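The values are calculated or read from the model by the stated rules, or taken from the named source; none is laboratory data. Keep in mind that this is a model prediction, so the values were computed, not measured. When we count neighbours, we look across all protein chains shown, and the Cβ atoms used for this are built from the backbone with ideal geometry, even at glycine.
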Amino acid sequence: MRLHRKRNLLYVLCCFCLNLGVAIDTITSSQSIKDPGNIVSNGSVFKLGFFSPVNSTNRYIGIWYSNISVCTVVWVANRETPLNDSSGVLTISEGGNLVVLDGKKVILWSSNVTNSVANSSAQLLDSGNLVLQEKTTGTIIWESFQLPCNKVQLTSWQSPSDPSIGSFSFNIQPLNLPQAFIWKYGSPYWRSGPWNKRTFIGIPSEDYQFQDGFSLINDQEGTFSLSFTYVTDLFLHFALNTNGNIEQRFWDYEKEDWEVSLLSQTECDFYGKCGAFGSCDSQNTPICSCLQGFEPKNTKEWNRGNWTSGCVRRTQLQCERVKTGSEGSKMDGFLKLNMMKVPDFADWSRALEADCRQQCFDNCSCIAYAYYTGIGCMSWTGSLIDAQKFSSAGVDLYIRLADSDLVTKQDMKKIVTITVIIGTVLILICTYLLWRWIAKHKARKKKEKEILLLNRGEAHKTFPSDNLNQVKVQELPLFNFEKLASATNNFHLSNKLGQGGFGSVYKVMVALLKFYYQIL
């Protein structure tokens, strides 16, 4: 009898454990979560349960990672209706919806599915997705990854202590070319640039190690969803923080903490920082400048650092003059801008790279074009908004300008450089010629002086009188060759007195001898 009772008890315990094993990741109408309980996904990746944010006593239902030491919440159910005590319950209602109840059985949050069924259950998957499904068929009628609304998006918390909906949201805009946007109170705050089937080309800082793991899925009904997978041992996820930045978080197993990097890191990442036809470059001071061929719309505001009014075209396009009947001029052209974040509102066409330029040129309304592998031909017909200069990566952007505006700053630099080089060479040549002339002039003077001294020595030998011997050579006046030539009328024959054994004697020499005798 005792053995039979033991067997029955063991059978009951085994059945109880089996039920726990089956229901560890599932919520039903009979198996609820009461604070502080939780359930764990089948692979022990995520937990679903009650939690309190940092520096807060409010209680929320959320999903967080179960295998890391830092509580990192990735989804919150009752973010606008917190519990102020630990009496909360997460369960399946009689109508089949997933609901959060307070201690008085008041519904604080609901999955709010109109086509719900009574025979339903909620399961936490290893992907972090909480799905509400019909028990018998497994049909999913609601999921936390895609709330029942027209636009799927991430929304920031108000603060690290308050998970209620904050100022920022993040979603994918499929118009023309798919792009990711961060919005602040409904206005564009940040833009990723177009999708090229691997990544968004307006995010040069993105870690290319994980690009092949990203997927942008189009359900052909106007909704795009972005997901990523990775095969490395790295553990990472993306989150929209309270300041409106997308954080890329890597788990550091040694430090047991997140390594965080931001996708938007400079002032130039703010949407439309420099206004229409302005370009932002974080390496320059000031960071905003008008595109080549454009000038500030409001110079005073621009010089004060208020760039929101943007820039306007300096010279009317030739094709526009033809339209208005004005006098024509040289044909318009395209200026190439390297390593650019392409502007917003791009139109896409199937034109090949060789035809992209001509297609834009033939349409006077087309003011810029670009071609990028994986995207194709992009063109712009309106204002160029949110253009940015990158220090690496980026796209070659071609903007339409009047012929007179096509001289670029680089061309001016080349002209100035060539002028400086030519000027420097001419100065060096002139300096060399002047040095040669001075050297020859000094050599000629030295030679003349040597000749004069030689003549004095000969004169001393010719006139060996006592009076002349007493005269000190250094006390005698010295005359250079030019003075002697001038005094003798360039040694003219009319001044020649005679010819001696040591050379010709001129009248000036007699005068000099008279002078010498007077001073003795």
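The residues in the range 172-189 that are over 18 Å from Ser379 (Cβ atoms) and surrounded by 19 or more Cβ atoms within 10 Å (Cβ to Cβ) can be counted, and the count is 5. Restricting to the range 46-94, give me the number of residues that are farther than 18 Å from Thr26 by Cα and among the charged types (D, E, K, R). Final tally of qualifying residues: 4. Tell me yes or no: at least one residue of the range 190-203 is out of contact with any helix residue (DSSP H, G or I) (no Cβ under 7 Å at 6 or more places or on another chain), surrounded by fewer than 14 Cβ atoms within 10 Å (Cβ to Cβ) and polar (S, T, N, Q). Within the range 190-203 (the criterion being out of contact with any helix residue (DSSP H, G or I) (no Cβ under 7 Å at 6 or more places or on another chain), surrounded by fewer than 14 Cβ atoms within 10 Å (Cβ to Cβ) and polar (S, T, N, Q)), the answer is no, since none of the residues qualifies. Per the listing Lys34, Lys47, the residue uniquely more than 23 Å from Leu236 (Cα to Cα), in contact with a Ser or Thr (Cβ under 9 Å, 6 or more places away or on another chain), modelled with pLDDT of 95 or more and of a type outside the set (Asp, Glu) is Lys34. The set of residues from the range 121-148 being within 17 Å of Ser30 (Cα to Cα), polar (S, T, N, Q) and touching a Ser or Thr at 6+ places or on another chain (Cβ under 8 Å) comprises Ser121, Gln123, Gln133. Please go through the range 160-198 and give me each residue that is in a strand (DSSP E or B) and aromatic (Phe, Trp, Tyr), ordered by number. Passing the criteria: Phe168, Phe170, Phe181, Trp183, Tyr189, Trp190, Trp195. Of the residues Leu154, Leu216, the single one that is modelled with pLDDT under 85 and either basic (Lys, Arg) or more than 22 Å from Ala387 (Cα to Cα) (or both) is Leu216. Scanning the range 305-323 for residues that are surrounded by fewer than 18 Cβ atoms within 10 Å (Cβ to Cβ) and in contact with a Lys or Arg (Cβ under 6 Å, 6 or more places away or on another chain) yields Ser309, Val312.
Taken over the range 274-300, the criterion of being surrounded by 21 or more Cβ atoms within 10 Å (Cβ to Cβ) and in a loop (DSSP other than H, G, I, E, B) is satisfied by Cys274, Gly275, Ala276, Phe277, Leu291, Gly293. Taking the conditions exactly as written (polar (S, T, N, Q), touching a Pro at 6+ places or on another chain (Cβ under 6 Å) and in the same structural domain as Ile27 (by TED's automatic domain parsing)), does Asn42 satisfy them or not? Here the answer is no, as Asn42 does not meet what is asked. All conditions in (1) of a type outside the set (Lys, Arg); (2) at pLDDT 90 or above; (3) surrounded by 17 or more Cβ atoms within 10 Å (Cβ to Cβ) hold for Ser87, with the sole exception of (3). The set of residues in the range 39-65 being polar (S, T, N, Q) and surrounded by fewer than 19 Cβ atoms within 10 Å (Cβ to Cβ) consists of Asn42, Ser44, Ser52, Asn55, Ser56, Thr57, Asn58.
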